[in-house]
1. Based on what the data block shows, is R421 under 30 Å from Q501 (Cα atoms) and more than 27 Å from the chain's Cα centre (by Cα)?
2. List every residue pair whose Cβ atoms lie under 8 Å apart, where the two residues are 6 or more positions apart in sequence or sit on different chains, the first residue falls within the range 188-211 and is aromatic (F, W, Y), and the second residue, located anywhere, is at pLDDT 85 or above and part of a helix (DSSP H, G or I).
3. Identify the residue in the range 405-437 that is within 16 Å of the ligand (Cβ to nearest atom) and of a type in the set (A, V, I, L, M) and, among all such residues, is surrounded by the most Cβ atoms within 10 Å (Cβ to Cβ).
4. Answer yes or no as to whether R295 is of a type in the set (D, E, K, R), closer than 19 Å to L188 by Cα and in a helix (DSSP H, G or I).
5. Within the range 125-154, track down each residue that is in a helix (DSSP H, G or I), in contact (Cβ under 8 Å) with a residue 60 or more places away in the chain and farther than 18 Å from Q216 by Cα.
6. Taking M180 as the residue in question, decide whether it is touching a Gly at 6+ places or on another chain (Cβ under 7 Å), within 30 Å of P347 (Cβ to Cβ) and not small (G, A, S).
7. Which of the residues belonging to the range 554-571 are under 37 Å from the mean Cα position of the chain (by Cα) and more than 15 Å from T363 (Cα to Cα)?
8. Counting just the residues of the range 111-136 that are modelled with pLDDT under 85 and crowded, with 16+ Cβ neighbours inside 10 Å, which one comes out nearest to the ligand (Cβ to nearest atom)?
Amino acid sequence: MQMSRRSPPAAPPAPPDPLTPRQRAADLLQTLRLVWLASPRHSLTYAATTLAGSALPAANLYVGKLLLDEVARAAQGGVTYRALLVLLGVQVALGVLGSLLSTVQGAAQQLLGDSLQHGVSRRILDKASGMSVEAFEHAETYDQLQQAYREVGSRPLGVATQLVGLAGAVVTLVSVGALMARLGVWVLPLVLLASLPGVWVSNKFGVENYRMLRWQTHDARVQNYLGGLLTSDQLVKEVRLFGFEPYLLRRWRDYYLGFRRQLEDIIRRRSRWGFGAALASALLTGLASALILRRAANGQITVGDFSIFVLGIAQVQGTVAGLLNGVSGIYQNLLYMRNLFDFLEKPGRDLDAGEEWRGSIETVEFQDVAFRYPLTERDVLRGVSFTVRRGEALALVGENGAGKTTVVKLLTRLFEPTGGRILLNGLDASRFSPRSVQRQMSIIFQDFGQYQMSARENVAIAEVGRLEDDPGVEGAVRQAGAAFVDTLPQGIDTPLGRLFQGGRQLSGGQWQRLALARLYFRDASVLVFDEPTAALDARAEFETIEALRAQAGERITVLISHRFSTVRLADQIVLLEGGVVSEAGSHAELIARGGQYAALYALQARGYTAEAGKTTAR
Ligand code: ADP
């Protein structure tokens, strides 16, 4: 039943389309804006310290060269100890400056990263909380949300640091390059060239790696789900009894093996290419060294110049690698950022759009309502009409898949009808903001929430503004028959569930009562019971409906049930068959009519009688 409600598993998400340079530039700007907004002060500090620090290698190289040359000259006499000490002093000062800059840079980076992570997480969570229920049922959007949230810790900061690092690398390269250019025209180009192959390889495989991970998102979710089944406390009984652990494990492992094959393939190819790149780079560096040594043999360069070459090579190659890796890193992170922006830019449904509904709902009227789920081809509801007034209970009956839950989703404004109208007090519901209408409704779902919070929160979460309303919470608890909370160690404030330390686990029935208390706690004019047959035991369901009838004149009750003993209490019964209303009326009317309802009722009544007979016989 649960399965039939979910949308069918989607195909794995397509690999991202390569971004056009224009799009990439726009995303880059948008990312920079995001970083800047997260913390202007730390962005500025980080950028300034990085850029200043990037000029230090060249300064160090140059002072080192001067020092070496002076030492060489000192060997021939003519240089004072004082002159050497001054140079040493400059070198030490540069070292101290470097440490200072990197300390400030590190601190700024950490704080910026933290602000950024918080800022982006908030935007994602804001977006997610405004997303329609429908979007959650759409596998691709859900994947996007999951990915955006999972990587929020590393990606945006990655773009920020890489971008600044890039500018820093340019500063370093230009300054060190200028020093090296003095050693001969070919040296710098050769050294630069030598650093390219390695970078190209790591760039190529970085992108492939990202694509692979993105491809795997969907399968990884399935695998994760399978693992979740094996580790779930709620499902362990069923899993053990039916003994399908080996099946789950096997499927879980099959997914792993699939991932593993892709990983091995990528590693194999990367190693081959990496080795080739190292070889090419060694040859080019060797060539540059040979050129320098020839000049040395001709007495054209000093010891200090040679030191610039030897130390500069490592500096240049390291910087070029950093630079190009930075570019590819930015490219990869931008793919992530695009995913994030796509998600954030998804047209959301503004739950507050429309007029504000005020006061209670006195009548609900479905007028020829039709509904089709997004991306599907079939109307699951057609021409559904009924009216229910304050003080009345309406029961929806019908086989699984007939459309009962869909009616409830439309009534509660989780979805909007694709045809026809829903009138509230005679006014078109679509005029009013979904949230303001929803405030007038309370519901117990078949798969209601078991919140791993206190018992109070489990009840009062239905109207958080009244979290401290003790008499209200108590009243709802009593009305729901959840008096057991008084016996909990800390009463209504006892933490529930096993997920966190100190939580008390409740029985399934006790959780049901709390969900019922939640339903009552909200002062709503429409109460909806979505198949409480599953959520409530027969007595609770019967008592609940009886109690509701006792409060006649106050509320509208809509109930989905398979239990005819409850259904018959409703003032009005609507039988759905394949998305259309096939019969409607009171229990007595429908029985008198002798149609499908009467047949179903007779079937179940026979079952009850047989049950009762057995019990008596025992
Ligand atoms: P009932 O509550 O009577 O069992 P539902 O209202 O849940 O029936 O479902 C009615 C029909 O709509 C079914 O055919 C079901 O497969 C389909 N359906 C339900 N949810 C979705 C969804 N999110 N996307 C597509 N089809 C759906």
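The values are calculated or read from the model by the stated rules, or taken from the named source; none is laboratory data. Predicted model only: the values in this text are computed from it and were never measured. For neighbour counting, all protein chains shown are included, and Cβ atoms are generated from backbone atoms with ideal geometry for every residue, glycine included.
1. So R421 fails the test.
2. W200/A277; F205/I266; F205/R269; F205/R270; F205/W273
3. V407
4. Answer is yes for this residue.
5. From the range 125-154, those in a helix (DSSP H, G or I) are 125-130, 133-136, 139-150; that's our starting set.
After this cut, where a residue has to be in contact (Cβ under 8 Å) with a residue 60 or more places away in the chain as well, the list is 127, 130, 133-135, 139-141, 143-148.
Residues satisfying the conditions are K127, G130, V133, E134, A135.
6. no
7. Passing the criteria: L559, I560, S561, H562.
8. Going through the qualifying residues, I end up with E134.
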